[in-house]
Amino acid sequence: DLIVEPKLNIVAFNHPKLETEELASLLEDRNWKISCSSYPKAIRVILMNHIKKEHLIELISDLEEISKSI
């Protein structure tokens, strides 16, 4: 679930059934380095030039697998 509509290169989201810290931990278990914003509490993805489409596909795939496992 998007927290706010992105206006910059930052996307903030949460999972509808998991606390932010729990989702961050599950992603870290899959070797993602996670950034959490404190207000609003959310997972934060900052898109930069070195981020490739493959990285986003992998992240989305891992998020889908986490969702299926709960």
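The values are calculated or read from the model by the stated rules, or taken from the named source; none is laboratory data. As the structure is a prediction and not an experimental result, all values here were calculated from the model. Don't worry about glycine lacking a Cβ; one is built from the backbone with ideal geometry, like all the others, and counts go over all protein chains shown. Keep in mind that these areas ignore ligands, DNA and RNA; they rest on the heavy atoms of the full protein, side chains included. Shrake-Rupley method; radii C 1.70, N 1.55, O 1.52, S 1.80 Å.
Per residue, segment 1-64 exposes an accessible area of 76 Å² to a 1.4 Å probe, with every protein chain left in place.
DSSP assigns beta bridges within the chain; of those with both partners inside it, close to 100 percent run antiparallel. For segment 17-70, which whole-number percentage of the solvent-accessible area (1.4 Å probe, protein heavy atoms only) is attributable to carbon and sulfur atoms? Carbon plus sulfur share of accessible area: 53 percent. Of the cross-linked pairs LYS33/LYS68; LYS17/LYS52; LYS7/LYS53, those separated by over 23 Å at the C-alpha level are LYS17/LYS52. Dividing the helix sum by the residues of the chain, where each DSSP H run of 4 or more adds -39500 (n - 2.57), gives a mean residue ellipticity at 222 nm of -12000 deg cm²/dmol. Count Lys and Arg as plus one, Asp and Glu as minus one, and take only other residues whose Cβ is under 15 Å from that of HIS15; the net charge is then -4. Run the numbers on the chain and let me know its relative contact order in percent, using alpha-carbon pairs under 8 Å that are six or more apart. Relative CO of the chain lands at 29 percent. Remark on the chain: hydrodynamic radius 12.5 angstrom, per the Kirkwood mean of 1/r across alpha carbon pairs.
Rounded to the nearest 20, the Cβ-based charge dipole of the chain about its Cα centre (Lys and Arg +1, Asp and Glu -1) stands at 280 debye. Spacing of the modelled spin labels on GLU22 and MET48, each 7 Å from Cα toward Cβ, amounts to 3.1 nm. The 3J(HN,Hα) values that the Karplus relation (6.51, -1.76, 1.60; θ = phi - 60°) gives for segment 17-32 are, in residue order, 10, 10, 5, 3, 5, 5, 5, 4, 5, 5, 6, 5, 4, 9, 6, 8 Hz. Gly and Pro appear as x.
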